[in-house]
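A.B. asks: Here it is, the structure in full.
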Amino acid sequence: MDIQQSLAQPAIAPAVTLRADYRPPEWLVPETALDFDLDPAATRVRTTLSVTRNGSHAEPLRLDGAGQEPLAVKVDGVLVNDWRIEGEQLVVPLAGDAHSVETEVVIAPDRNTQLMGLYASGGNLCTQCEAEGFRRITFFPDRPDVLSRYRVRMTADSARFPILLANGDPVAQGDAGEGRHWAEWNDPFPKPSYLFALVAGDLAVNRGSFTTRSGREVQLGIWVRASDLPRTDHALHALKLSMAWDERVYGREYDLDVFNIVAVDDFNFGAMENKGLNIFNSRYILADPDTATDYDYDGIAAVVAHEYFHNWSGNRITCRDWFQLSLKEGFTVYRDQGFSADQGSPAVKRIEDVRSLRAAQFPEDAGPLAHPVRPDAYQEISNFYTATIYNKGAELIRMMATILGPQAFRAATDLYFDRFDGTAATCEDFVACMEESSGRDLGQFRLWYGQAGTPRVSASVDHAPGGGRATLRLAQRVPATPGQPDKQPMVLPLKLRLFGAETGRPLTDERLVLLDQPAETVTFEAITERPILSINRGFSAPVVIESDRTAADLAFLSAHDDDPFARYEAMQQLMLDTLVAGAIEGAADHDAVVAAIFNTLENPELDYAFMAEAVLLPSESFIGDQLAVVDPEAVHRARETLRRAIGQGLADSWRQLYAVLQQGPYAYTPDAKGKRRLRGVALGYIAASGDADTGRLAFRQFEAADNMTDRQAALTTLANGDYAEREAALDIFYNRYADNSLVLDKWFQTQALSSRADTAALVEQLAQHPDFSLANPNRARSLIGAFGVNQRAFHTAGGAGYRFLADQLIALDTLNPQTAAKLLPPLGRWRRFDEQRAALMRAELERIVAVPSLSKDMFEQASKSLE
Ligand code: 0A1
Ligand code: ZN
């Protein structure tokens with residue numbers, strides 16, 4: 001009955017699914033009718049499938065389940081008993097080529113701690129079916145290439161669940177007697193089971209409408225608990241902007257009469273694109289100036305857009321199998337990045353996206369969990385919702401757009417949407433459309449889908465003094481990754497330009513070089529002064545550039561490059577070189593960095609948001625990634641020393657900026673956001689200078705702030721230091737927001753990310769705090785997830801941080817394997833550390849793998865991390 005809610009079997013050599021084993025489904029399911037008798041303790045699900053044999057074969061119908069026993073099985077309306085359970089599948093022999101098959105099960109949403117399938121959150125009922133959650137609701141061929149039309153009937157207690165929502169359009173509703181009511185929804189678009197959704201609850205709605213360019217009026221609704229209603233306007237606005245943007249930029253219109261979004265507090269990921277009924281983690285819906293930062297506002301708009309864009313890139317055209325996940329995710333991330341770029345500064349957006357690629361995807365690609373954008377094998381598909389599938393996948397689309405150019409790319413996406421509408425497609429289908437529409441050969445480009453690892457490109461320019469020709473030597477190397485020892489050269493689209501070292505003028509136009517050989521030279525004529533190379537402009541390829549540019553050349557580019565990304569990048573490289581020298585040698589010359597920052601702050605042509613990005617130092621983890629063996633304390637010292645030099649060397653500039661950037665009442669405009677961001681950076685550098693008034697200054701900002709961005713910036717500064725005001729600020733913040741779980745997450749996270757020496761001990765204490773709970777994924781991530789990426793704290797000598805993380809993951813795995821497995825990767829980076837740390841980290845991984853009845857999610861991640 002409800003044994004389906006118990007967790008996975010002991011993780012002894014879980015089965016591996018191979019991409020090469022793909023076979024079309026044996027049975028199709030053109031129509032699905034679901035009848036839910038909803039109750040948190042025992043929900044009865046009656047399912048009627050119309051099934052048709054696909055091709056000529058004699059195989060029985062196989063329906064996926066997750067441990068549940070069918071209470072009854074009917075074929076063409078008649079009870080049968082010749083069915084059997086094989087593994088987790090219900091197998092029903094069928095004589096003809098078309099039948100109706102009915103099943104009935106009872107499930108227990110209130111015992112569902114995995115948050116997959118039908119579960120309870122905040123007293124409401126909701127679903128999450130991607131990737132394989134639908135089988136936890138009912139028996140079904142739970143694979144993305146079985147597309148079905150769904151009709152859903154829900155009956156529930158009228159007082160507890162006054163609102164009943166499902167995919168598609170509402171059809172009818174009525175009274176069911178005995179205090180219960182019912183509603184029926186119909187989705188006319190065939191869809192895979194992972195896009196199924198229902199919500200039952202006591203919800204209030206912020207309604208809007210959008211008229212599509214062909215004149216269809218769409219009713220929009222953002223559904224939340226009544227007290228959260230005032231915090232839904234930003235999401236609703238972002239939804240309307242997204243709908244207009246997709247029409248304008250991709251020619252894609254919405255296709256149903258209603259589009260609903262529901263926010264829930266307990267959610268494993270960010271949000272889910274269920275057809276016509278998106279379900280969101282509330283952190284990506286709820287915002288007002290008092291509780292959400294500018295970063296949160298931007299994240300909400302991006303995720304609302306992402307899920308909305310999936311209606312075409314994901315729902316109308318879905319994935320044939322889960323190995324094709326990046327078909328919908330990489331493309332949709334690329335689309336949401338374009339949307340966000342158009343709302344504000346494209347340069348700043350690109351910098352942010354590259355920063356997160358480097359923070360999450362590069363280490364993944366360099367570690368034990370590296371996998372291609374189109375993987376070849378998995379044990380648990382939930383483990384493949386990764387930065388590689390999403391963010392590197394988006395970079396692949398971006399490179400194709402760069403190679404084709406904007407018009408040809410748009411023509412190619414039109415072809416793709418037209419040709420594959422209503423089908424389950426592959427990454428190959430997408431690339432073939434790019435090729436066919438543009439006439440370009442993308443044969444070698446396809447290696448990007450199959451080869452893991454971040455390519456490294458070396459670049460150096462020769463120029464004889466007084467001579468007219470410059471020669472650029474390029475070479476590429478793709479590092480070995482698990483299961484892929486040898487790599488072939490890839491196609492790397494590199495945008496580049498030369499600048500004159502003497503005049504500061506560009507010496508060439510921007511060129512797009514497609515590096516597709518192991519090594520190549522590019523020549524430039526009529527170069528009359530020493531050239532300085534600007535390469536990978538706009539981050540045109542997701543690679544690491546190794547160049548011999550000096551500190552002086554990088555400082556020059558940081559001041560003169562006309563590509564804003566390249567300018568930022570030159571500054572980052574200059575900082576990184578200085579920090580790496582500091583970490584390895586214990587000291588470094590800081591003057592070039594300080595001077596370059598000064599020039600950036602003094603440049604009247606730059607906007608504040610860009611300045612803020614450009615003057616921020618690379619993170620400790622990213623500095624660590626550049627070292628042969630990471631020494632977390634040396635990295636921390638080098639970074640703090642440089643921060644102090646910048647703080648002290650430019651003390652007047654920071655003070656002046658801090659005063660000048662103070663604003664009147666809060667506004668959410670690009671200019672106001674930029675000012676807040678740069679002022680926050682200035683406060684950080686004032687603190688780094690060590691001036692005695694820092695605590696007072698930060699506390700004053702903390703108290704005077706009329707918005708969360710300023711308040712959180714001040715709190716972060718205080719939490720990182722040893723100020724008298726530190727405890728008071730943390731207490732005030734906690735008490736002020738004690739009933740707002742999203743803000744309490746910030747309270748936990750800010751402390752877990754602290755750069756103080758005692759953070760590891762503090763995090764252990766916070767895990768005992770009455771407000772800490774592993775049952776809520778946001779809360780678990782805010783403490784455990786943040787701690788894992790705090791390089792200094794997590795790697796505190798002695799291994800207490802490793803033990804703590806492993807303890808938490810083992811506990812969390814019994815509740816929610818998916819969320820637990822996502823937090824494991826920091827332990828898998830043991831190869832990057834000294835022997836002592838590596839041994840301690842391995843020991844914790846071994847302890848995890850040895851846990852009896854470990855989930856297959858955790859088993860896969862932990863065992864691969866040990867290899
Ligand atoms: N398709 C969603 C991501 C997602 C994946 C799995 C989930 O289940 C726990 C939830 C959401 C997206 O790309 O937004
Ligand atoms: Zn997505």
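The values are calculated or read from the model by the stated rules, or taken from the named source; none is laboratory data. Bear in mind that the values here come from a model prediction, so they are computed numbers and not experimental data. Neighbour counts are summed over all protein chains in view; Cβ atoms, including those assigned to glycine, are modelled from backbone coordinates with ideal geometry.
A.B. asks: Have a look at V763, V789 and point out the one that is in contact with a helix residue (DSSP H, G or I) (Cβ under 9 Å, 6 or more places away or on another chain) and surrounded by fewer than 23 Cβ atoms within 10 Å (Cβ to Cβ).
C.D. replies: Answer to the check: V789.
A.B. asks: Taking helices (runs of 4 or more DSSP H) that do not extend beyond the stretch 753-813, which have at least 2 residues that are under 21 Å from the mean Cα position of the chain (by Cα) and of a type outside the set (S, T, N, Q)?
C.D. replies: 777-780, 786-789
A.B. asks: Which of the residues spanning the stretch 285-306 are within 11 Å of ligand 1 (Cβ to nearest atom) and surrounded by fewer than 24 Cβ atoms within 10 Å (Cβ to Cβ)?
C.D. replies: Within the stretch 285-306, A302, V303 qualify.
A.B. asks: Restricting attention to the stretch 170-217, which residues are of a type in the set (D, E) and either in contact with a Ser or Thr (Cβ under 9 Å, 6 or more places away or on another chain) or surrounded by 15 or more Cβ atoms within 10 Å (Cβ to Cβ) (or both)?
C.D. replies: Answer for the stretch 170-217, where residues must be of a type in the set (D, E) and either in contact with a Ser or Thr (Cβ under 9 Å, 6 or more places away or on another chain) or surrounded by 15 or more Cβ atoms within 10 Å (Cβ to Cβ) (or both): D175, E184, D187, E217.
A.B. asks: Restricting the stretch 814-836 to residues that are part of a loop (DSSP other than H, G, I, E, B) and touching a Leu at 6+ places or on another chain (Cβ under 9 Å), which is nearest to ligand 1 (Cβ to nearest atom)?
C.D. replies: The selected residue is N816.
A.B. asks: Shifting gears a bit: Give the residues of the stretch 240-272 that are touching a residue at least 40 places away in the same chain (Cβ under 8 Å), in contact with a strand residue (DSSP E or B) (Cβ under 9 Å, 6 or more places away or on another chain), within 16 Å of ligand 2 (Cβ to nearest atom) and not in a strand (DSSP E or B), sorted by residue number.
C.D. replies: Y250, R252, F267, N268, F269
A.B. asks: I would also like to ask the following. Being within 11 Å of ligand 1 (Cβ to nearest atom), among the acidic types (D, E) and within 30 Å of L18 (Cβ to Cβ) is the filter here, so list the residues in the stretch 308-347 that pass it.
C.D. replies: Within the stretch 308-347, just E329 meets the criteria.
A.B. asks: Does the stretch 109-120 contain any residue that is closer than 30 Å to N260 by Cβ, touching a residue at least 40 places away in the same chain (Cβ under 8 Å) and of a type in the set (K, R)?
C.D. replies: yes
A.B. asks: OK, next. If you take the residues of the stretch 128-151 that are in contact with a Gly (Cβ under 9 Å, 6 or more places away or on another chain) and within 13 Å of ligand 1 (Cβ to nearest atom), which of them is nearest to P777 (Cα to Cα)?
C.D. replies: The residue in question is Q128.
A.B. asks: Do we find that G117 is surrounded by fewer than 17 Cβ atoms within 10 Å (Cβ to Cβ), within 25 Å of A166 (Cβ to Cβ) and away from ligand 2 (no atom under 16 Å from the Cβ) in this structure?
C.D. replies: no
A.B. asks: Then there's this: Can you tell me which residues in the stretch 302-323 are more than 17 Å from I279 (Cβ to Cβ) and near ligand 2 (Cβ under 9 Å from one of its atoms)?
C.D. replies: S313
A.B. asks: While we're here: List pairs: first in the stretch 327-340 and over 17 Å from K240 (Cβ atoms) and in a helix (DSSP H, G or I), second of a type in the set (S, T, N, Q) and within 11 Å of ligand 2 (Cβ to nearest atom), Cβ under 7 Å, 6+ apart or cross-chain?
C.D. replies: Short answer, once both residue conditions are applied: K328/S313; F331/S313; T332/S313.
A.B. asks: So how many residues does the stretch 56-86 have that are outside any strand (DSSP E or B) and either among the acidic types (D, E) or modelled with pLDDT of 95 or more (or both)?
C.D. replies: Residues meeting the conditions: 16.
A.B. asks: Limited to the stretch 390-405, what total is found for residues that are more than 15 Å from ligand 1 (Cβ to nearest atom) and either of a type outside the set (G, A, S) or within 16 Å of the chain's Cα centre (by Cα) (or both)?
C.D. replies: 8
A.B. asks: Is there any pair with a first residue in the stretch 725-740 that is closer than 15 Å to H769 by Cα and a second that is at pLDDT 95 or above and not in a helix (DSSP H, G or I) whose Cβ atoms are under 9 Å apart and which are 6 or more apart or on different chains, and what are they?
C.D. replies: From the stretch 725-740, the pairs are Y734/D771; A738/D771.
A.B. asks: Scan the stretch 291-308 for residues that are outside any helix (DSSP H, G or I) and not hydroxyl-bearing (S, T, Y) and jot them down.
C.D. replies: Matches in the stretch 291-308: A292 only.
A.B. asks: Return the residues of the stretch 145-167 that are outside any strand (DSSP E or B) and either in contact with a helix residue (DSSP H, G or I) (Cβ under 6 Å, 6 or more places away or on another chain) or among the hydrophobic types (A, V, I, L, M, F, W, C) (or both); say none if nothing qualifies.
C.D. replies: Selection gives V146, L147, A159, F161.
A.B. asks: F323 fails exactly one of the following numbered conditions: (1) assigned to a helix (DSSP H, G or I); (2) in contact with a strand residue (DSSP E or B) (Cβ under 6 Å, 6 or more places away or on another chain); (3) not aliphatic (A, V, I, L, M). What is the number of that condition?
C.D. replies: (2)
A.B. asks: Restricting to the stretch 273-282, what's the tally of residues that are within 16 Å of ligand 2 (Cβ to nearest atom) and either in a helix (DSSP H, G or I) or among the basic types (K, R) (or both)?
C.D. replies: 1
Every residue, every condition in (1) in contact (Cβ under 8 Å) with a residue 24 or more places away in the chain; (2) touching a Ser or Thr at 6+ places or on another chain (Cβ under 7 Å), yes or no:
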| position | (1), (2) |
| --- | --- |
| V789 | yes, yes |
| H795 | yes, no |
| P825 | yes, no |
| F833 | yes, no |
| L840 | yes, no |
| E846 | no, no |
| P852 | yes, no |
| E860 | yes, no |
| S865 | yes, no |
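A.B. asks: Being farther than 19 Å from E569 by Cβ and either within 15 Å of ligand 2 (Cβ to nearest atom) or at pLDDT 95 or above (or both) is true for just one of D376, D353. Which residue is that?
C.D. replies: D376
A.B. asks: Please list, ordered by first then second residue, the pairs with beta carbon atoms under 6 Å, 6 or more apart or interchain, first in the stretch 309-320 and assigned to a strand (DSSP E or B), second hydroxyl-bearing (S, T, Y).
C.D. replies: So the pair list comes out as S313/T332.
A.B. asks: For R350, state whether it is at negative phi and either away from ligand 1 (no atom under 15 Å from the Cβ) or assigned to a loop (DSSP other than H, G, I, E, B) (or both).
C.D. replies: The answer is yes for R350.
A.B. asks: Oh, and also: Hey, among the residues in the stretch 59-109 that are surrounded by 15 or more Cβ atoms within 10 Å (Cβ to Cβ) and among the basic types (K, R), which one's farthest from the chain's Cα centre (by Cα)?
C.D. replies: Across the stretch 59-109, the extreme among qualifying residues is K74.
A.B. asks: Might you check whether a residue that is more than 27 Å from K191 (Cα to Cα) and in contact with a strand residue (DSSP E or B) (Cβ under 6 Å, 6 or more places away or on another chain) occurs anywhere in the stretch 367-379?
C.D. replies: Taking every residue of the stretch 367-379 in turn, at least one turns out to be more than 27 Å from K191 (Cα to Cα) and in contact with a strand residue (DSSP E or B) (Cβ under 6 Å, 6 or more places away or on another chain).
A.B. asks: Mind checking which residues of the stretch 605-619 are touching a helix residue (DSSP H, G or I) at 6+ places or on another chain (Cβ under 9 Å) and not in a helix (DSSP H, G or I)?
C.D. replies: Of everything in the stretch 605-619, those that are touching a helix residue (DSSP H, G or I) at 6+ places or on another chain (Cβ under 9 Å) and not in a helix (DSSP H, G or I) turn out to be L606, D607, L616, L617, P618, S619.
A.B. asks: From the list N278, N260, pick out the single residue that is over 16 Å from the mean Cα position of the chain (by Cα), within 13 Å of ligand 1 (Cβ to nearest atom) and surrounded by 21 or more Cβ atoms within 10 Å (Cβ to Cβ).
C.D. replies: Every option except N278 fails the conditions.
A.B. asks: So which residues in the stretch 324-340 are farther than 23 Å from S619 by Cβ and more than 12 Å from ligand 2 (Cβ to nearest atom), if there are any at all?
C.D. replies: Hits for the stretch 324-340 are Q324, G338, F339.
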